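*Asks:* If you scroll down you'll find the structure; I have some questions about it.
The values are calculated or read from the model by the stated rules, or taken from the named source; none is laboratory data. Keep in mind it's a predicted model, so treat the numbers as computed, not measured. When we count neighbours, we look across all protein chains shown, and the Cβ atoms used for this are built from the backbone with ideal geometry, even at glycine.
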Amino acid sequence: MQRQAQFFIKTALVQLIAAMLLGALLLIGQGLQLGGLGALLPVYYHLLMLGWATQLIGGVALWMFPPLSRERPRGDERLGWFAYGALNGGLLLRAVAEPANAAEPRSLWGIALALAAILQVLAIWALVLALWPRVKGRAPAAPRRREEA
Amino acid sequence: MPLVSRFMIRTALLHLALGSTIGGLLLAEKGLGLLPWLWLLRPSHIHLLLVGWTVQLACGVAVWMLPRLNAAGDRGNLLLVWVCYGALNGGVALASLHTPLSAALGGLPAWPLSVAGLLYALAALAAAGHAWRRVRPFGAGG
């Protein structure tokens, strides 16, 4: 497994742990009827579906999808690295800015939330562009050289 | 990778891109509060990402990677997978477009949502019908 896929998959596992801890906090808060935790619910959903599920799928796909060519089996790896940075940067910013924006609406946190949105969308588009050419059938077998025949 | 898997995975990637773009618009709206009508697209965001992306990608990869039925590499009845592909994407389209179109046109009947639900169920049955026999150890004889 290449280094990039390892980063995606290990970070997805970290996001899974973070999501589950946050989910536990939300359930505990619900059980004890603590108010003020509702703004964390979308953060929980997105840590789980974007930080865990989509990032894990992205890592496994970058690892296992058919190679693009013998010379560049994974295509332009910069797309994958950009997706990794923007996805996790965007999610982290969102995790801070979304509850802060709920507490202080119409503040600078709103702009931070918009920036987090841009980062996450760009990350997904980069991931799609990295994976798109690798969704393909089996490459035709290379012709055998005379001495191998 | 068989043709139907390529169709499913690429369509799933398109749904991922579209659903995430809608999600980004919603998040930016939450921060800036400029276009509140964007919240009409929230059901589309959920259907595109949960069914159009996650479920469809899983089905496409399963058809590609599950063990073959015999040594000749037979994957079984791929017609069922095409039925799954059509039903799933038809369901996603109906469920995603209903709320925004209903708002734009001043109301729509609810039956397209029921049809979307039936299409989702048909897609699940077709996917399971195809995959069931292929869930077995690699190399097991027919």
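*Asks:* Any chance the stretch B:59-75 includes a residue that's within 14 Å of another protein chain (Cβ to nearest Cβ), without any contact (Cβ under 8 Å) to a residue 60 or more places away in the chain, over 30 Å from A:Ala117 (Cβ atoms) and surrounded by fewer than 16 Cβ atoms within 10 Å (Cβ to Cβ)?
*Replies:* Checking the stretch B:59-75: at least one residue is within 14 Å of another protein chain (Cβ to nearest Cβ), without any contact (Cβ under 8 Å) to a residue 60 or more places away in the chain, over 30 Å from A:Ala117 (Cβ atoms) and surrounded by fewer than 16 Cβ atoms within 10 Å (Cβ to Cβ).
*Asks:* Yes or no: the stretch B:109-124 includes at least one residue that is touching a Pro at 6+ places or on another chain (Cβ under 8 Å) and touching a residue at least 12 places away in the same chain (Cβ under 8 Å).
*Replies:* There is no residue in the stretch B:109-124 that is touching a Pro at 6+ places or on another chain (Cβ under 8 Å) and touching a residue at least 12 places away in the same chain (Cβ under 8 Å).
*Asks:* Using the structure shown, decide if A:Trp109 is modelled with pLDDT of 95 or more and within 30 Å of B:Pro2 (Cα to Cα).
*Replies:* Numbers: modelled with pLDDT of 95 or more: yes; within 30 Å of B:Pro2 (Cα to Cα): no.
Judged against the criteria, A:Trp109 is not a match.
*Asks:* Another one. Just give me the residues in the stretch A:81-92 being closer than 13 Å to A:Val121 by Cβ and not small (Gly, Ala, Ser), in sequence order. First the steps, then the outcome.
*Replies:* Restricting attention to the stretch A:81-92, the residues satisfying the condition of being closer than 13 Å to A:Val121 by Cβ are A:82-83, A:86-87, A:89-91.
Within the stretch A:81-92, A:Phe82, A:Leu87, A:Leu91 qualify.
*Asks:* I'd like the full set of residues that are of a type in the set (Gly, Ala, Ser), at negative phi and touching a residue at least 24 places away in the same chain (Cβ under 8 Å), limited to the stretch B:125-142. Break it down stepwise before answering.
*Replies:* As a first pass, look at the stretch B:125-142 and keep what is of a type in the set (Gly, Ala, Ser): B:126-129, B:131, B:139-142.
Subsequent filtering for residues that are at negative phi retains B:126-129, B:131, B:140-142.
Within the stretch B:125-142, B:Ala126, B:Ala127, B:Gly129, B:Ala131, B:Ala140, B:Gly141, B:Gly142 qualify.
*Asks:* Return the residue satisfying two criteria in turn: it lies in the stretch A:79-138 and is β-branched (Val, Ile, Thr) and buried (at least 18 other Cβ atoms within 10 Å of the Cβ), and of such residues it is farthest from the chain's Cα centre (by Cα). Reasoning before the result, please.
*Replies:* In the first step, residues of the stretch A:79-138 are kept if they are β-branched (Val, Ile, Thr); the result is A:96, A:111, A:118, A:121, A:124, A:128, A:135.
Okay, now just the ones that are also buried (at least 18 other Cβ atoms within 10 Å of the Cβ), so A:121, A:124, A:128, A:135.
Working: A:Val121: 10, A:Ile124: 8, A:Val128: 11, A:Val135: 19 Å.
The residue in question is A:Val135.
*Asks:* Another question, if that's okay. Out of the residues in the stretch B:1-45 meeting the condition of being of a type in the set (Val, Ile, Thr) and facing chain A (nearest Cβ under 9 Å), tell me which one is nearest to B:Gln56 (Cα to Cα). Before the answer, list the steps.
*Replies:* The initial filter retains those residues of the stretch B:1-45 that are of a type in the set (Val, Ile, Thr), namely B:4, B:9, B:11, B:21-22.
Imposing the further condition that a residue be facing chain A (nearest Cβ under 9 Å) reduces the set to B:9, B:21.
Numbers: B:Ile9: 7, B:Thr21: 18 Å.
Restricting to residues being of a type in the set (Val, Ile, Thr) and facing chain A (nearest Cβ under 9 Å), the top hit is B:Ile9.
*Asks:* Here's a check for you: in the stretch B:47-58, which residue that is within 12 Å of chain A (Cβ to nearest Cβ) and in contact with a Gly (Cβ under 8 Å, 6 or more places away or on another chain) is farthest from A:Arg106 (Cα to Cα)?
*Replies:* Kept after step one, since they are within 12 Å of chain A (Cβ to nearest Cβ), are these residues of the stretch B:47-58: B:48-50, B:53-58.
The next check asks that each one be in contact with a Gly (Cβ under 8 Å, 6 or more places away or on another chain); those that pass are B:48-49, B:53.
Details: B:Leu48: 29, B:Leu49: 29, B:Trp53: 33 Å.
Ranking the candidates gives B:Trp53 first.
*Asks:* Considering the stretch A:77-102 alone, what residues qualify as being at pLDDT below 95 and closer than 17 Å to A:Gly59 by Cβ?
*Replies:* Within the stretch A:77-102, A:Glu77 is the sole residue that qualifies.
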